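Let me begin by presenting the structure, written as structure tokens, before commenting on it.
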Amino acid sequence: MNANSADGHDAGRQDILARGHAALRAGDMTAARACFATLRACRADDPDALHGLACVALAAGRADLAIGLAGQAARLSPQGAFHEVLARALLARGHRAAAQAAIRAACVCQPDDVPVLLACAEIMEATGDIWAATEAYGRAVRLSPAPATRVRRLHARFLWRRGQRDAAIWQMRDVARRAPDPAPMRELAEMLLAHQQPEQAEDVLRAVLARSPDDGAALSLLGALVFARGQMRPAAAVLERAMAHDPTAETCNNLGLARMALGDMAGSARALAVAMELRPDDARIALNHATGLFEGGSVAQASTAYETILARDPPPDRDTRARARFNLGVARLAQGRLRQGWALWESRLGFLPAHPSASRLPRWDGRALPAGRALLVHMAGQGLGDAVHFLRYVILAAGRVPVALDVPVPLRRLAATLGRGASYPIKIITRNIDDNTDAAAQCDLFSLPHLLDADSVPPFRPYLGEGPWRRPGGRQGPLRVGLCHAGNAAYRFDARRSVAVHDLSGLGAMVGIEFVSLRPKGADGVDPAFVRHELPDSADLLDTARLIATLDLVISVDTLSAHLAGAMGCPVWLLCRFGGDWRWSAAFDRPAPAHGPVSGLSPMANGMPGDAPPVLRSASQWYPTLRLFRQASLLPPQQAWTQVMMDLCAALRAWQQERKQG
């Protein structure tokens with residue numbers, strides 16, 4: 001062979017080799033295999049061909065074959081760059097020590113090769129030699145020419161995995177500053193979010209969007225951040241933009257939740273359906289979709305969806321399983337199946353923070369305690385309205401054992417009125433203020449129905465306040481009606497629960513009725529102009545109870561005021577969204593006859609006019625003096641209260657007329 005033909009042959013070989021590696025990088029394993037096989041057909045012991053085929057085998061999941069091919073290449077050319085793929089193949093087969101030896105050999109052959117150093121760092125980290133991994137990353141960074149953004153990103157991720165979060169963020173900030181690509185900035189934002197620095201993360205994301213307004217990934221992250229802050233309307237707007245550019249499952253899921261919170265149940269269902277199509281195996285998304293079904297009033301469908309999630313094989317992660325069981329419990333409660341519902345409801349203990357006492361006291365099993373010892377009952381993960389509703393079960397528990405009831409400060413004085421009719425004492429304490437060393441067991445307030453084996457609603461008698469509510473007498477002037485039109489805005493379904501001020505205009509036109517606010521003044525900056533504010537700024541719940549005792553009637557959305565008035569025996573008219581809270585489902589109705597009083601009680605004792613239309617005549621087993629004004633169908637919030645408010649005003653006029661006659 002003359003020199004020209006040898007040069008031509010070598011050029012052809014290099015061309016095939018280059019095409020093979022290009023195909024490898026592009027993921028075209030068929031083309032890569034063909035190129036390397038062609039070279040090996042010309043020369044069976046070609047180390048480059050063997051190395052290329054080893055790479056193809058490893059990419060195809062044949063680490064065993066890759067070990068043989070790469071090992072043969074390394075033996076033929078000990079100084080070649082073939083030890084890296086051998087190390088990776090050995091690691092894939094679980095040969096950790098051999099993988100470390102192979103990658104060290106690669107570093108000896110190519111001590112200044114940055115890709116080899118990065119491979120060394122990766123393999124050493126995977127095999128537990130963190131010191132060697134740290135050294136390899138450090139050397140790769142030092143040898144890389146500026147700006148070396150890829151190498152620095154990999155190093156930042158390594159630092160993050162090792163728990164060196166501040167150092168990782170500093171490194172990623174430097175990368176983001178140097179790189180025109182928005183990807184490092186998005187990664188920096190994710191780190192900042194995980195490191196509990198949402199404001200800085202938002203600044204980074206807005207900088208990305210200032211440069212690239214249609215960056216779907218940045219929009220999705222920003223939307224999730226705003227959503228987590230509870231700002232549902234701006235979150236939905238950002239997530240809708242993200243959907244237009246990058247409709248990922250996570251974006252659709254977050255958009256579905258934001259729309260659900262805003263009361264757009266149809267829009268929520270559409271977004272969550274897309275999310276499930278994109279990621280059908282994600283039980284979290286299926287759980288959110290089922291929650292939308294429940295919130296929209298489809299309790300049976302939601303129950304089936306929860307059961308399907310729990311029957312998945314393989315099962316969902318522990319947190320998702322616990323939430324699915326809890327939500328199924330809520331659905332069972334809404335169906336009136338209390339014993340099963342309470343048992344499933346206990347799953348909340350799997351995802352809510354534990355009370356400090358749970359680490360030192362056994363959980364109560366419902367039985368008697370040693371003489372002189374008490375049951376510590378504490379609250380966790382629920383609001384004050386839920387607490388007021390469940391305090392009835394403390395009295396039942398105090399029928400078996402002495403109770404130390406741990407409550408937040410706003411509830412302390414009111415809870416002190418609870419002990420009437422209990423067999424054992426109920427001591428009211430506040431965490432970090434009172435000593436509860438006499439406790440022998442502990443449980444969560446909301447576990448009491450399960451631990452007491454409650455299978456029906458307990459017989460009711462007023463259990464809170466300085467005395468049962470009595471109709472105010474001897475008072476001249478207008479009737480006094482307490483009003484609470486909105487709850488805590490942080491509650492995720494508040495947009496559907498609360499009534500906008502403009503929807504209350506019919507109440508403002510009522511003559512002869514004085515409306516008194518049951519919310520602290522300016523709680524959200526928006527109050528009807530026609531309400532009086534009598535609660536002091538520092539009011540606790542006993543102050544609120546004392547105010548309720550002066551009222552003729554309470555009108556409230558589903559929040560603390562309704563529970564407190566009901567627990568006192570005060571007439572309360574509840575404005576209830578369609579679907580929604582399990583307590584107000586039809587399973588717990590006490591239907592009244594079409595004419596006459598409910599359950600033999602006088603209309604005034606129940607706060608119910610005798611000639612109200614039958615559709616409005618539902619009392620609650622939970623509070624016999626509570627009357628339900630339900631939305632009749634699932635409508636957007638801006639339309640949902642129109643008919644309810646018309647019915648409410650008509651009922652108020654009838655009630656007012658009765659009072660004049662009575």
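Please treat every number below as a calculation from the coordinates, not as lab data. On a predicted model such as this, the values are computed, not experimentally measured, just so you know. Here Cβ is always computed from backbone atoms with ideal geometry, including for glycine, and neighbour counts include all displayed protein chains.
Some points to look at:
- Here r is the Cβ-Cβ distance between residue 363 and residue 643 and R0 is 56 Å; the resulting FRET efficiency, rounded to 0.05, is 0.75.
- 0 to 90° range, to nearest 10: angle between helix 29-42 axis and the chain longest Cα axis: 20 degrees
- For residue 377, the shell of other residues with beta-carbons less than 11 Å away shows a net charge of -1, using +1 for Lys and Arg and -1 for Asp and Glu.
- Beta bridge orientation in the chain: antiparallel %, DSSP, nearest 5: 10 percent
- Rounded tilt (10° steps) of 318-334 against the dominant C-alpha axis of the chain: 30 degrees
- In sequence order, calculated HN-Hα J values of the stretch 343-351 (Karplus, 6.51, -1.76, 1.60; Hz; x Gly/Pro): 5, 5, 4, 4, 4, 4, 5, x, 10
- For the stretch 442-447, 3J(HN,Hα) computed residue by residue from phi via the Karplus equation (6.51, -1.76, 1.60; θ = phi - 60°) reads 9, 7, 7, 3, 7, 8 Hz, glycine and proline entered as x.
- Sequence-distant residues sharing a close amide H with residue 404 (under 5 Å, placed H): 375, 376, 377, 427
- All other residues whose Cβ lies under 11 angstrom from that of residue 169 are scored, Lys and Arg at +1 and Asp and Glu at -1, for a net of -2.
- With respect to the chain, whose longest principal axis is taken over its alpha-carbon atoms, helix 249-261 is tilted by about 10°.
- Nearest-20 debye value, the chain charge dipole, Cβ charges on Lys, Arg, Asp, Glu: 1380 debye
- R0 of 30 Å, Cβ-Cβ distance residue 502-residue 653: FRET efficiency to nearest 0.05: 0.90
- Descending semi-axes in whole angstrom, ellipsoid equivalent of the stretch 68-186, from the Cα gyration tensor: 29, 15, 11
- Summarising the label geometry, the points placed 7 Å from Cα in the beta-carbon direction at residue 229 and residue 203 lie 1.4 nm from one another.
- Efficiency of FRET between residue 25 and residue 307 - r from beta-carbon atoms, R0 56 angstrom, step 0.05: 0.75
- Neighbour net charge for residue 312 - beta-carbon separation under 15 angstrom, K R +1, D E -1: 0
- Computed label-point distance, nm, for sites residue 371 and residue 273 using a 7 Å Cα→Cβ extension: 6.8 nm
- Residues with amide H under 5 Å from that of residue 620, placed H, sequence gap 5 or more: 590, 626
- Under-5 Å amide H pairs with residue 555, H placed in peptide plane, nonlocal only: 482, 483, 484, 573
- The distance between label points at residue 18 and residue 529 comes to 8.1 nm (points 7 Å beyond Cα on the Cα→Cβ vector).
- When the helices of the chain are scored as -39500 (n - 2.57) per DSSP H run of n ≥ 4 and the total is divided over every residue, the value at 222 nm lands at -16000 deg cm²/dmol.
- Full extension of the chain between residue 382 and residue 210 yields a length gain of 57.9 nm, computed as 0.36 nm times the residue separation minus the alpha carbon distance.
- Difference of contour (0.36 nm per residue) and Cα-Cα distance, residue 550 to residue 196: 122.8 nm
- Inter-centroid distance (Cα atoms) of the stretch 244-270 relative to the stretch 36-73, Å: 49 Å
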